[in-house]
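The values are calculated or read from the model by the stated rules, or taken from the named source; none is laboratory data. The structure presented is a predicted model; accordingly, all values stated were derived computationally and were not measured. FYI the Cβ positions are ideal-geometry reconstructions off the backbone, even for glycines, and counts take in every protein chain you see. Heavy atoms of the whole protein, side chains included, go into the accessibility calculation; ligands, DNA and RNA do not. Shrake-Rupley method; radii C 1.70, N 1.55, O 1.52, S 1.80 Å.
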Amino acid sequence: ICNAETERLIVISLISFSQGVSGLPDLAIQYIYTDHFHLSPATVTSLISLTYTPWFLKVFYGFISDSFPIMGYRRKPYLLLMTLMTILSLIGLAVIELNVYLFVGIIVVYQISSAFINTLAEALIIETSRKQAKKGKNQTAHNVFLFFFIRSFGYLLTSFCSGALIEIIILQ
């Protein structure tokens, strides 16, 4: 029913929405740092800064996916692997009894996979836009707008719901 272009836009939309709602685990992570590990605000800020360093390496993730195809594909296998890595890291945070070092390590794995997925989504936007341009439709601005609009909607949804969810969790 869907053509490849529509499928790409659906994948891009799902990725951007998931990045928007990623603020929800971020709030829980800050809560764990302060209330479970009893870390000072300065230490929490340092650890959060450390765990976001994988985002500075995005250019390498694009290089890896473009230079080392898996079974002839440059993006699909990496997208699946990184999604699985994200899911497993979040499950690991929930079920493993953690010390602060293991916790930070799992968060770094989560951030690596999230940054890699973001890189792949941005590459898909460019690829889709190029294919549309060859057909005489220049929709680059529309595709970029769609990505950021849906991500912003996810951020907004998380902002409105996170406080209520934390209250529900704390009251149980």
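Of all the criteria given as (1) in contact (Cβ under 8 Å) with a residue 60 or more places away in the chain; (2) of a type in the set (A, V, I, L, M); (3) open to solvent by 40 Å² or more (accessible area, probe 1.4 Å), the one not satisfied by Ile10 is (1).
Return the residue satisfying two criteria in turn: it lies in the stretch 102-131 and is of a type in the set (A, V, I, L, M, F, W, C) and surrounded by fewer than 15 Cβ atoms within 10 Å (Cβ to Cβ), and of such residues it is nearest to Ile48 (Cα to Cα). Among them, the one singled out is Leu102.
Only residues that are part of a helix (DSSP H, G or I) and within 22 Å of Phe60 (Cβ to Cβ) were counted across the stretch 72-126, and they come to 36. Contact map, the stretch 80-107: residues that are modelled with pLDDT of 90 or more paired with residues that are loosely packed, with under 14 Cβ neighbours inside 10 Å and not in a helix (DSSP H, G or I), Cβ distance under 9 Å, separation 6+ or inter-chain. Pairs shown: Leu81/Ile70; Leu102/Ile96; Phe103/Ile96; Ile106/Ile96. Summed over the stretch 132-172, residues that are at pLDDT below 80, open to solvent by 70 Å² or more (accessible area, probe 1.4 Å) and closer than 19 Å to Ser13 by Cβ total 1.
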